[in-house]
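One structure below.
Only the coordinates and a few stated rules stand behind these numbers; no lab work does. These numbers come from a predicted model, not from an experiment. Neighbour counts run over all protein chains shown; Cβ positions are idealised from the backbone, glycine included.
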Amino acid sequence: MPRPLGKINKIDPAELKVLKNRIDIATAVIIFFIAILISRLWFLQIHSGSDYAQQSESNRIRIQDIAAPRGNILDRTGRILVTNRPQFNIVWIREDAPNPDEVIKRLSKILDEDISVLLDRIRYGADHPRYVPTRLKEDIDWRTLVYIENNHFNLPGVRIEVLPSRDYLYKDLSSHLIGYLAEINQKELQDSLFTNYEGGDQIGKSGVEKLFENYLRGEKGRKFLEVDVHGFEQRQLKLQEPLPGNDLQLTIDIELQQAAEEAMADKAGAVVAMEVNTGKLLVLCSTPPLKLEDFIGGISNKAWKALLENPFNPLINKAIQGQYPPGSTYKIITALAALTEKIVTPETVYYCSGSHTFGNRSYGCWKKGGHGAVNLHKALVESCDVYFYQVGQKLGVDTLAKYATSMGLGRQTGIVLEHEKSGLIPTSDWKLHRYRVPWQDGETLSVAIGQGFNLTTPLQICQMTVATANDGILYKPLLIDSIMNPEGDLIQKFSPTQTGKTIASPESFALVRNALIDVVNTKRGTAKVAQLENITIAGKTGTAQVVRLVHHRDLQEEDIPYKYRDHAWFTAYAPAEKPEIAVTVLVEHGMHGGSSAAPIAKTIIKKYFELKSAATKEKNSNEINIDRDTRHAPL
């Protein structure tokens with residue numbers, strides 16, 4: 001018989017207890033999982049809510065850097081030498097390229113680049129997010145730009161990137177001084193000095209572009225873009241304009257620099273011009289120049305190889321890195337030392353027969369027939385080697401070195417440019433340490449006329465000339481005049497710095513300067529070709545032997561191989577009565593200072609005084625106009 005509905009049978013207490021335990025366990029499990037969910041929700045919504053909100057916003061907003069225009073580089077009068085122009089680059093965006101192989105083939109023909117080169121650049125950027133542009137080619141020409149713009153529908157993923165690039169208004173003028181830019185490399189990115197840089201950024205690699213990178217580079221801007229879930233750009237939300245870099249004003253006069261580089265156009269060498277009473281550099285020329293445009297967008301392997309293989313060494317800044325025997329310009333040092341040490345007087349005479357015998361060797365004079373009876377004045381004017389052989393022999397190498405170093409030779413001048421060479425002024429201790437053999441007295445004779453172990457840079461010789469003109473004051477060569485912000489406000493002004501005083505006596509300087517005037521302004525002077533009307537130039541020629549021309553002794557000069565020809569020096573200052581400018585010219589393998597180097601110095605000095613005269617006339621004209629305006633102004 002069936003049981004009535006609704007009637008509860010008696011339950012076994014043991015079964016009830018088991019059932020209750022199961023319910024408690026299930027309840028505990030449910031509560032545990034609910035607690036985990038609540039805790040997770042609290043962690044996500046409360047504890048980390050702001051972080052996730054920021055990440056969400058970051059996924060929605062893409063930030064793109066905008067390169068800042070670099071500061072301008074100006075000459076001493078404010079004329080702009082280097083500024084900026086728009087540079088158009090080809091970039092590749094992977095997320096916009098559904099069929100990359102076909103596009104790359106087309107692009108290879110348009111850009112005239114090997115497919116392998118383009119693919120290498122794409123692989124280089126493969127680790128970046130798909131929306132980050134990969135630069136395929138920089139600084140394309142207008143024809144390529146127009147073609148790509150007109151055919152961009154057939155080139156998905158290809159975009160035009162516009163960046164500020166250097167614009168060299170005077171082409172390659174002052175190229176070693178200005179320097180060039182290139183893309184930052186991996187080693188530099190790991191350097192603490194470049195913490196605010198990213199791959200693809202352009203930085204200064206040489207010259208003032210490198211040394212004043214922090215001032216010139218400017219501050220990047222930012223573009224805030226809204227993107228969809230697939231990363232495609234929707235609209236621009238915000239724009240922070242970049243801040244241009246600061247302007248750098250040099251002490252260089254661009255018209256004098258032009259005159260120097262034009263005069264050296266077909267020659268290898270250097271020209272340095274400096275203010276006698278301040279140490280400010282007016283010209284710093286090294287030839288052949290670098291082609292700065294070749295470095296924009298990265299120099300090609302072919303162009304770089306050509307630079308390395310060029311026998312005229314354009315990569316070397318010869319004004320500060322070229323080391324040459326000073327030749328007869330060093331006779332200024334020998335003369336000052338001899339007079340100050342009272343080895344000779346102005347009346348002391350030596351006889352030059354065309355050679356001087358010392359030990360078992362004959363030392364020749366440049367004039368084979370000799371100069372006859374020679375005193376100090378004549379020895380400098382006609383550059384008699386025999387006179388200075390005998391004076392140097394009495395002085396000794398260590399005394400010569402003492403005076404040479406006090407005049408700035410054999411040590412760095414302190415110019416701000418990098419890799420300046422110190423040259424070499426030999427001493428007896430130096431040779432013993434370097435070669436483990438004692439100094440030979442015969443070697444002093446060569447040193448006394450600027451040969452032997454002597455090595456100097458054109459900048460050092462110019463510094464020596466400045467000291468000769470101003471009674472022995474040494475100045476640190478000043479290259480940077482000031483730094484200004486983009487609004488033209490002064491940030492930093494650089495002043496002349498005196499670095500020392502030579503040990504030669506004032507009386508010695510007076511006698512030497514008197515002779516240097518006649519080097520240029522008398523018929524027997526070795527630099528008479530440098531004479532100017534109404535301006536008295538004082539100077540000294542020099543011929544620096546490259547090798548002993550034993551095998552070419554009987555050849556005409558034009559038949560001597562170029563690499564074996566002597567270097568030509570001329571160093572001068574003007575006006576002799578009240579010096580303002582010193583100029584040093586070094587022509588590699590130019591043979592004779594009087595014929596090769598002196599005309600170049602003459603050109604620069606003449607240009608300097610022409611510019612000065614024009615500036616004075618303009619100033620006087622302005623003052624007259626101001627005076628007229630004042631007199632006619634209403635009361």
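How much length is gained if the chain between LYS105 and GLU533 is pulled fully straight, taking 0.36 nm per residue apart and subtracting their Cα-Cα distance, in nm to one decimal? Gain in length upon complete extension: 147.3 nm. Going by the alpha-carbon gyration tensor, a ≥ b ≥ c the square roots of its eigenvalues, is segment 254-615 rounded (a/c under 1.5) or, if a/c is not under 1.5, prolate (a/b greater than b/c) versus oblate? The shape class here is prolate. For ASN277 and LYS523, the FRET efficiency from 1/(1 + (r/R0)^6), where r spans their Cβ atoms and R0 equals 30 Å, is about 0.45. With a cut-off of 14 Å between beta carbons, the residues surrounding VAL117 carry a summed charge of +2, where Lys and Arg count +1 and Asp and Glu -1. The order of LEU307, LEU44, going from fewest to most other C-beta atoms within 10 Å of their C-beta, is LEU44, LEU307.
Summing charges over neighbours of GLY359, with a neighbour being any other residue whose Cβ is under 13 Å away from its Cβ, gives -1 when K and R count +1 and D and E count -1. Among ILE332, ILE31, ILE140, sorting on how many other beta-carbon atoms sit within 10 Å of each Cβ, with the fewest leading, yields ILE31, ILE140, ILE332.
Taking every C-alpha pair closer than 8 Å and separated by at least 6 residues, the mean separation divided by the residue count of segment 159-243 gives a relative contact order of 21 percent.
Karplus-based coupling profile of segment 570-579, in residue order and whole Hz: 8, 10, 8, 9, 7, x, 4, 6, 8, x, with θ = phi - 60° in 6.51 cos²θ - 1.76 cosθ + 1.60 and x standing for Gly or Pro. Amide H contacts under 5 Å for GLY500: LEU474, restricted to partners 5 or more places along the chain or on a different chain, H placed in the peptide plane at 1.01 Å from N. Residue separation of LEU315 and TYR147 scaled by 0.36 nm, minus their Cα-Cα distance, works out to 56.8 nm of gained length. Could you tell me which residue out of SER621, GLN451, PHE570 lies farthest along the dipole of the chain toward its positive end? Charges go on the beta carbon: Lys and Arg +1, Asp and Glu -1, centred on the Cα centre. Towards the positive end, the residue furthest out is GLN451.
Determine the shape class of segment 467-554: with a ≥ b ≥ c the square roots of the Cα gyration tensor eigenvalues, call it rounded for a/c under 1.5, and otherwise prolate if a/b is greater than b/c, oblate otherwise. Prolate is the answer for segment 467-554, as a/c is 1.5 or above and a/b outweighs b/c. Here the extension length gained between THR357 and TYR124 equals 76.9 nm, from 0.36 nm per residue of separation less the Cα-Cα distance. For segment 62-250, the convex hull drawn through the C-alpha positions has a volume of 143 cubic angstrom per residue.
Among MET591, MET274, a tally of other beta-carbon atoms within 10 Å of each Cβ gives an order, fewest to most, of MET591, MET274. Over all other residues within a Cβ to Cβ distance under 13 Å of TYR475, the charged ones net out to +1, with Lys and Arg as +1 and Asp and Glu as -1.
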